[in-house]
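Below is one structure, written out as structure tokens; the observations come after it.
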Amino acid sequence: MIKLLIVGAGISGLALARRLTNTNVKVTIIERDTNFPIGGAGICLPPNAVIQMKRFGLYDRLLKASHHVNYLDYAKSNGTPIASASLLEAPLNKAEFVVVRRQALLELLQYNMSQTVCFGSQVTKMANSEAGVFVHVNHSSRPEFFDLVVAADGTQSTTRQLAIKNSKARALGVTNWRFVVEHVEQEINPIQLLGDDHAFMIYPLSATTSYCYAQIADPFNQWRHLPPVPTLHTLFSHYCEPVKKMLRAINDTTRVFAGSLETVNLSNTFELRTVLIGDALHGCPPNLLQGAAMGLEDANLLADLITRFPVDDALQMYNEERLPRVRWVMDEAIRQNEILMKSKSWPGRLIRNTLLRQNGPAEVAAWRKLLLDTQDLPEQTP
């Protein structure tokens with residue numbers, strides 16, 4: 001019996017706990033917040049993420065809880081088209097691209113799962129070794145031993161920083177906002193509108209609900225700590241009508257999540273008996289919409305390996321299989337972010353728009369590559 005601690009009850013942590021149900025692994029999962037984290041408002045799940053969801057026996061439930069998107073459009077902030085892509089062509093049609101509320105996805109991952117979460121619990125100290133990990137938790141006076149600790153506690157992972165020196169996340173100089181709004185107008189088509197060094201993305205959740213994501217290059221944190229709603233109006237009120245509709249729909253009950261993009265640059269996926277998954281491993285810009293997708297891939301692969309092989313062998317195999325894919329996604333996402341940062345100048349915008357016209361949406365090109373390397377997975381019983 002393997003005794004395993006999962007630190008963090010977000011998407012990747014819950015996914016791993018779910019996959020390890022009824023196995024030879026005894027799972028403890030802790031979360032520093034007093035409830036499940038809800039930051040982010042909405043989640044985009046591209047086809048490689050939906051393929052992973054089949055492993056949890058949640059495919060049908062996911063489709064019922066989400067909105068299915070068949071194409072993506074890119075346009076200038078004034079509405080002038082730049083590029084578009086159909087998601088019905090191979091290999092993109094291996095699975096759906098869906099948009100779902102973050103809270104709904106967390107609830108799906110908890111469906112029919114007996115594993116409980118210890119809330120208000122945070123790792124304060126660890127003694128990491130080749131044999132296992134002694135873990136000190138804030139509400140306990142004694143350390144507890146685990147064969148394996150899984151850091152699933154986000155980009156600012158405390159667990160990662162305790163286990164690996166100099167592993168603090170690096171700021172990318174971009175401020176972003178996420179929110180969900182209800183609107184009386186007819187369904188808004190999925191679209192990404194590009195200004196200078198800022199952008200506004202709209203993804204439908206239903207006929208009258210949309211998930212919105214906005215960002216701006218902000219290397220000096222000029223916008224990060226300003227009131228979110230007035231700042232959104234200041235930066236994006238000159239955009240064309242789809243964005244104006246979203247801004248008009250913001251009301252007193254709308255929760256706007258503001259944040260800064262960060263990345264994690266690591267040479268390994270684990271250190272001794274502490275292994276990283278989700279944003280703790282590969283926090284990167286959302287340009288390719290791979291945050292949740294990569295976390296689900298992490299959870300499925302790690303669960304497969306630690307239930308079939310000795311822990312040390314499983315960690316080595318996880319590192320060898322996972323690291324090249326993680327690095328490629330992070331490098332490509334950061335490259336796309338750098339293009340955004342340079343778009344404040346006219347030459348930078350010209351390069352950005354030319355690349356989009358020639359190659360299509362960057363995330364769709366990335367999905368094609370990732371899907372060609374992704375096997376179709378059988379659905380498990382919920």
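The values are calculated or read from the model by the stated rules, or taken from the named source; none is laboratory data. Since this is a predicted model, take the numbers as computed values, not measurements. Quick reminder, even Gly has a Cβ in these numbers, built from the backbone with ideal geometry, and neighbours come from all protein chains shown.
Remark: residue 365 falls outside the filter, which requires a residue to be free of Cβ contacts under 8 Å to residues at least 40 places away in the same chain, under 29 Å from residue 169 (Cβ atoms) and crowded, with 18+ Cβ neighbours inside 10 Å. For the stretch 7-29, the set of residues classified as crowded, with 24+ Cβ neighbours inside 10 Å, out of contact with any Asp or Glu (no Cβ under 9 Å at 6 or more places or on another chain) and either in a strand (DSSP E or B) or among the small types (Gly, Ala, Ser) (or both) consists of 17 only. Filtering the stretch 128-182 to residues that are part of a strand (DSSP E or B) and among the acidic types (Asp, Glu) leaves 144, 182.
Only a single item in (1) of a type in the set (A, V, I, L, M); (2) modelled with pLDDT under 95; (3) under 22 Å from residue 208 (Cα atoms) is not met by residue 90, and it is number (3). Answer yes or no as to whether residue 263 is buried (at least 16 other Cβ atoms within 10 Å of the Cβ), polar (S, T, N, Q) and under 18 Å from the mean Cα position of the chain (by Cα). Against the criterion (buried (at least 16 other Cβ atoms within 10 Å of the Cβ), polar (S, T, N, Q) and under 18 Å from the mean Cα position of the chain (by Cα)), residue 263 qualifies. Only a single item in (1) crowded, with 23+ Cβ neighbours inside 10 Å; (2) closer than 26 Å to residue 131 by Cα is not met by residue 290, and it is number (2). Taking the stretch 223-232, which residues are within 26 Å of the chain's Cα centre (by Cα) and modelled with pLDDT of 95 or more? Within the stretch 223-232, 223, 226, 227, 228, 229, 231, 232 qualify.
Close contacts from the stretch 68-93, counting a first residue that is without any contact (Cβ under 8 Å) to a residue 60 or more places away in the chain and part of a loop (DSSP other than H, G, I, E, B) and a second that is of a type in the set (Phe, Trp, Tyr) and surrounded by fewer than 19 Cβ atoms within 10 Å (Cβ to Cβ), with Cβ to Cβ under 9 Å and a gap of 6+ residues or different chains, come to 88/71. Of all the listed residues (252, 298, 313), the sole one being among the acidic types (Asp, Glu) and part of a loop (DSSP other than H, G, I, E, B) is 252.
Can residue 121 be described as free of Cβ contacts under 8 Å to residues at least 12 places away in the same chain and of a type outside the set (D, E, K, R)? Judged against the criteria, residue 121 is not a match. Being under 22 Å from the mean Cα position of the chain (by Cα) and modelled with pLDDT of 95 or more holds for only one residue in 148, 193, 162, 172, and it is 193. Say we look at the stretch 145-172 and pick out the residues that are touching a residue at least 40 places away in the same chain (Cβ under 8 Å) and surrounded by fewer than 17 Cβ atoms within 10 Å (Cβ to Cβ); which of these is nearest to residue 247 (Cα to Cα)? Ranking the candidates gives 171 first. Reported count of residues in the stretch 89-122, each being β-branched (Val, Ile, Thr), within 30 Å of residue 141 (Cβ to Cβ) and surrounded by 13 or more Cβ atoms within 10 Å (Cβ to Cβ), is 1. Under the condition of being in a loop (DSSP other than H, G, I, E, B) and either surrounded by fewer than 15 Cβ atoms within 10 Å (Cβ to Cβ) or without any contact (Cβ under 8 Å) to a residue 12 or more places away in the chain (or both), the residues counted in the stretch 221-249 number 7.
For (1) under 30 Å from residue 27 (Cβ atoms); (2) polar (S, T, N, Q), each residue gets a yes or a no:
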residue: 276; (1), (2): yes, no
residue: 283; (1), (2): yes, no
residue: 303; (1), (2): yes, no
residue: 342; (1), (2): no, no
residue: 345; (1), (2): no, yes
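Scoring residue 372 on the criteria (1) of a type in the set (A, V, I, L, M); (2) buried (at least 16 other Cβ atoms within 10 Å of the Cβ); (3) more than 30 Å from residue 22 (Cβ to Cβ) leaves a single failure, condition (2).
Can you tell me which residues in the stretch 278-332 are polar (S, T, N, Q) and out of contact with any Phe, Trp or Tyr (no Cβ under 8 Å at 6 or more places or on another chain)? Within the stretch 278-332, 287, 290, 300, 307, 316 meet the criteria. The residues on offer are 16, 63, 20, 72, and the sole one that is of a type in the set (A, V, I, L, M) and in contact with a Phe, Trp or Tyr (Cβ under 9 Å, 6 or more places away or on another chain) is 72. The set of residues in the stretch 30-50 being within 23 Å of residue 192 (Cβ to Cβ) and either part of a loop (DSSP other than H, G, I, E, B) or among the aliphatic types (A, V, I, L, M) (or both) consists of 39, 40, 41, 43, 45, 46, 49, 50. What about residue 280, is it crowded, with 22+ Cβ neighbours inside 10 Å, touching a Pro at 6+ places or on another chain (Cβ under 7 Å) and touching a residue at least 60 places away in the same chain (Cβ under 8 Å)? Here the answer is no, as residue 280 does not meet what is asked.
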